[in-house]
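As structure tokens, the structure follows; a few thoughts come after it.
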Amino acid sequence: RKEVEQDPGPFNVPEGATVAFNCTYSNSASQSFFWYRQDCRKEPKLLMSVYSSGNEDGRFTAQLNRASQYISLLIRDSKLSDSATYLCVVSRTGAGNMLTFGGGTRLMVKP
Amino acid sequence: DTGVSQNPRHKITKRGQNVTFRCDPISEHNRLYWYRQTLGQGPEFLTYFQNEAQLEKSRLLSDRFSAERPKGSFSTLEIQRTEQGDSAMYLCASSLINQPQHFGDGTRLSIL
């Protein structure tokens, strides 16, 4: 079993739709949580950190449930430019902050 | 450009050859990480440095792989006697301690 699990998708949604991605992690020692975005054949880029209280950045909302070891990302009013792979990422401070990535969820937003 | 820089962008080589990649981190970042990503998968941790000290290595890093960061600035990753399974994108990231990691564009390795 992978340490971070994601539905690979693809999620095909029309412009303007709301879409949600979920992720589960198995290591209860995980302390930091992130969503990264990766465009085709490009490097991962930090989209947002995920905090226990939940956090929002414009059209993006991230939630963390430590008890269920579950992380979510909600994208409202999808844009064509949101088409990418979204990587769920966890890390442990005591492990040099090495990042453990999920396999990614592919999103395709269509006109 | 003050981001993480990786060279070369692409490397094509025959099986059995040695290859070396270079990473120049963001200048004030004391941590430097190497990851490997294969098609359809998320990146996987290989190793990391804090300044010039290599502090952790993944089990993925076989004896054919070696990484250095001699002066605590740039780093090199060498793969000896390359195999087909080494074909991947090799990503470098850097950060300050306990801060988010910033990734370079990666080096795409293809083994013929």
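Applying 1/(1 + (r/R0)^6) with R0 = 25 Å to the Cβ-Cβ distance of A:GLU5 and B:GLU83, what FRET efficiency is obtained, to the nearest 0.05? Mind showing how you got there, number by number?
Values: r = 28 Å, r/R0 = 1.13.
Efficiency, from the Cβ-Cβ distance: 0.30.
In Å², what does the accessible area per residue of the protein assembly as shown work out to with a 1.4 Å probe?
50 Å²
Determine the equivalent ellipsoid of chain A by diagonalising the alpha-carbon gyration tensor, then write out the semi-axes as square roots of 5 times the eigenvalues, largest first, rounded to whole Å. If you can, show how the numbers build up before the last one.
Values: eigenvalues 110, 42, 30 Å².
They are 23, 14, 12 Å, listed from largest to smallest.
If you count only protein heavy atoms and use a 1.4 Å probe, how large is the accessible surface of A:SER28, to the nearest 10 Å²?
Roll a 1.4 Å probe over it and A:SER28 shows about 90 Å².
If packing is taken as the mean number of other Cβ atoms within 10 Å per residue, what is the order of A:48-55, B:47-54, B:32-39, highest first? Display every interim value, and only then the final one.
Values: A:48-55: 14.1, B:47-54: 17.5, B:32-39: 21.1.
Ranked from most to least packed, the peptides come out as B:32-39, B:47-54, A:48-55.
Shielding of A:96-106 by partners, i.e. mean partner chain Cβ atoms within 10 Å per residue? Walk me through the numbers before you get to the answer.
On the way: counts 12, 9, 12, 12, 4, 7, 2, 3, 5, 0, 1.
Average neighbour count from other chains, rounded to a whole number: 6.
Using a 1.4 Å probe and counting only protein heavy atoms, how much accessible surface gets buried when B and A come together, both sides summed, in Å² to the nearest 100? Intermediate results must be reported in sequence, preceding the final value.
On the way: alone 6530 and 6120 Å², together 11100 Å².
Summed over both sides, the interface buries about 1600 Å².
Using Cα pairs closer than 8 Å and at least 6 residues apart in sequence, work out the relative contact order for chain A, in percent.
Details: 272 pairs, mean separation 42.0, N = 111.
Normalised by residue count, the contact order of chain A is 38 percent.
Just tell me how shielded B:33-43 is by partners: mean number of partner chain Cβ atoms within 10 Å of each residue's Cβ, no decimals.
Details: counts 4, 0, 5, 0, 6, 0, 0, 5, 6, 16, 10.
Partner-chain Cβ atoms within 10 Å, mean over residues of B:33-43: 5.
Taking a spot 7 Å from the Cα of B:LEU96 along the direction of its beta carbon, which residues of region B:1-45 have an amide N less than 18 Å from it?
B:2-4, B:25-33
Of the candidates B:PRO25, B:PRO43, B:PRO100, which one comes out as most mobile in a Gaussian network treatment of chain B with C-alpha springs shorter than 10 Å?
B:PRO100
I'd like the isolated cysteines in the protein assembly as shown, meaning no second cysteine's beta-carbon lies under 4.7 angstrom from theirs.
By the Cβ distance rule, which asks for a partner under 4.7 Å, the isolated cysteines are A:CYS40.
Would any residue of region B:68-87 have its amide N under 16 Å from a label point 7 Å out along Cα→Cβ of B:ARG22? List them or say none.
B:68-79
In chain B, what percent of the accessible surface is made up of carbon and sulfur (1.4 Å probe, ligands and nucleic acids excluded)?
Numbers: 2490 of 5780 Å².
About 43 percent, which is the carbon plus sulfur part of the accessible surface.
Quick one, can you get me the convex hull of the C-alpha atoms of chain B expressed as volume per residue in Å³?
Values: hull volume 10.9 nm³, N = 112.
That works out to 97 Å³ per residue.
Specify the inter-centroid distance of region A:54-111 and region B:74-112, based on alpha-carbon positions, in whole Å.
Measuring centre to centre over Cα atoms gives 23 Å.
On the protein heavy atoms, probe 1.4 angstrom, tell me the percent of accessible surface of chain A carried by carbon and sulfur.
Details: 2550 of 5330 Å².
In chain A, the share of accessible area belonging to carbon and sulfur is 48 percent.
The values are calculated or read from the model by the stated rules, or taken from the named source; none is laboratory data. The model shown is predicted, which means the values in this text are computed figures rather than measured ones. Every residue, glycine among them, receives a Cβ derived from its backbone with ideal geometry; neighbour counts consider all protein chains shown. Just the protein is used for accessible areas: all its heavy atoms, side chains included, with ligands, DNA and RNA removed. Shrake-Rupley method; radii C 1.70, N 1.55, O 1.52, S 1.80 Å.
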